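The values are calculated or read from the model by the stated rules, or taken from the named source; none is laboratory data. Values in this document were obtained by computation on a predicted structure and should not be read as measured data. Note that each Cβ is placed from the backbone with ideal geometry, even for glycine, and that neighbours are counted across all protein chains shown. Please note that ligands, DNA and RNA were not included when accessible areas were found on the heavy atoms of the full protein model with its side chains. Shrake-Rupley method; radii C 1.70, N 1.55, O 1.52, S 1.80 Å.
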Amino acid sequence: MGAHLIVDGYNLARSGVLPLSDDPASEAGRQELCALLAGYARKKGFSLTVVFDGRGAGRPERSRTAFKGGTAHFSTAFESADDVIREMARSAPAGTVVVTSDRGLAGTLPSRAVTVVSCAEFAGRFLDFQIETIKGTSDGDEAARRRGKKGVGHKAKKKDRKRESVLRRL
């Protein structure tokens, strides 16, 4: 597998940007979210980890559950999913993508190894991919549109070019 995709599960599910039929806090809602993300990650070549908050569940230690296509991690009752994601990101290889809309979390992740994508941006890419899959089309003409150079040249900053190269795989 290629890059690693780490998703803040409740953050994405409760953002309302993905069409989920069940309550995201329920077991069925978590399974539905994991199934949607697993299909996407498998087709895109990502290894998938979905992290959920364990606060309020009364779990004394972290737990991990495997599902078809990835792994779900639950934080302890004394820490948040953000803490688990932060810890995973510290040892993550370059090219890792973290999906969260939590600005506090996004600001504390190591920017060299991890690319942070908001839930809305990820959902847009996810839904575009679903439509492409259903229609059987792809934006292969994108390279053809870039060939002709027109207008004043502008080279984006290196950091922005690197982020775009990682996001093109999403």
For 73, 154, give me the order by solvent-accessible area with a 1.4 Å probe, most accessible first, ignoring ligands, DNA and RNA.
154, 73
The stretch 36-101: which trypsin sites (Lys or Arg not before Pro) are DSSP loop and have at most 10 other beta-carbon atoms within 10 angstrom?
68
Label point 7 Å beyond Cα of residue 108 along Cβ direction - residues of the stretch 72-88 with amide nitrogen under 20 Å:
73-88
If all Cα-Cα distances of the chain are sorted into 10 Å bins from 0 onward, what percent lands in each bin, rounded to whole numbers?
9, 36, 34, 15, 5, 1, 0
What does the accessible area of residue 128 come to, in Å² to the nearest 10, when a probe of 1.4 Å is used?
90
Can you give the local net charge around residue 26? Use residues other than it whose beta-carbon is closer than 13 angstrom to its beta-carbon, Lys and Arg +1, Asp and Glu -1.
-2
What do you reckon, how do 6, 134 stack up by accessible area (1.4 Å probe), largest on top?
134, 6
With axes computed from alpha carbons, what is the tilt in degrees of helix 81-90 against the longest principal axis of the chain, rounded to the nearest 10 within 0 to 90?
50
To the nearest 10 degrees, the tilt of helix 27-44 (Cα long axis) against the first principal axis of the alpha carbons of the chain is 30
Given only helices, namely DSSP H runs of n ≥ 4 each adding -39500 (n - 2.57), what is the per-residue ellipticity at 222 nm of the chain, to the nearest 500 deg cm²/dmol?
-13000 deg cm²/dmol
What are the residues whose amide H is under 5 Å from the amide H of residue 116, where those residues sit 5 or more places off or on another chain and H is modelled from the backbone?
98
At most 15 other C-beta atoms within 10 Å and a DSSP loop state: those are the exposed GluC sites (Glu not before Pro) I care about. Give me the longest piece of the chain that has none.
80-170
In nanometres, what is the gap between the two model label sites at residue 64 and residue 128, each 7 Å from Cα along Cα-to-Cβ?
3.3
Can you give the extra length, in nm with one decimal, that the chain gains between residue 135 and residue 23 once fully stretched, where that is 0.36 nm per residue apart less the Cα-Cα distance?
37.4 nm
